[in-house]
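Notes to accompany the following structure.
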């Protein structure tokens with residue numbers, strides 16, 4: 001039986017970025033281009049404030065040309081895109097601005113540009129307020 005290291009890696013990344021398991025960080029995984037991406041968002045979004053987003057890309061050995069994030073709709077209108085910089089191979093810790101007001105059905109969007117210039121994107125839901 002083949003097991004994925006993404007959940008373990010995401011948990012390790014959460015600790016490396018100053019988060020704790022007690023904060024209830026969940027790590028949904030989405031496929032974006034050639035990568036599986038574990039996404040950890042430790043706290044609910046607040047309008048007009050930065051939202052911490054941690055990413056673990058697998059395979060880590062294949063580095064993308066760029067990773068960009070925004071909160072909002074797929075077309076990014078009214079949102080601020082942020083280019084994520086790697087903390088280590090395949091791991092990114094980034095703060096992305098949440099629009100004010102938060103658009104209806106807003107999500108965290110992740111766009112990955114491969115070395116050949118192709119860009120793929122996917123989204124994950126914003127965490128619900130507790």
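Quick note: the coordinates plus some simple rules give every number you see, no bench work behind them. Just so it is clear, the structure is predicted and the values come from calculations on it, not from any experiment. Don't worry about glycine lacking a Cβ; one is built from the backbone with ideal geometry, like all the others, and counts go over all protein chains shown.
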Shape call for segment 73-119 from the C-alpha gyration tensor, a ≥ b ≥ c root eigenvalues: rounded (a/c under 1.5), prolate (a/b greater than b/c) or oblate? oblate
How would you classify segment 45-88 from its alpha-carbon gyration tensor, with a ≥ b ≥ c the square roots of the eigenvalues: rounded for a/c under 1.5, else prolate if a/b is greater than b/c, otherwise oblate? prolate
May I ask you to sort 77, 68 by Cβ crowding, counting other Cβ atoms within 10 Å and putting the fewest first? 77, 68
Once you sort the root eigenvalues of the Cα gyration tensor of segment 43-130 as a ≥ b ≥ c, which label holds: rounded (a/c under 1.5), prolate (a/b larger than b/c) or oblate (the other case)? prolate
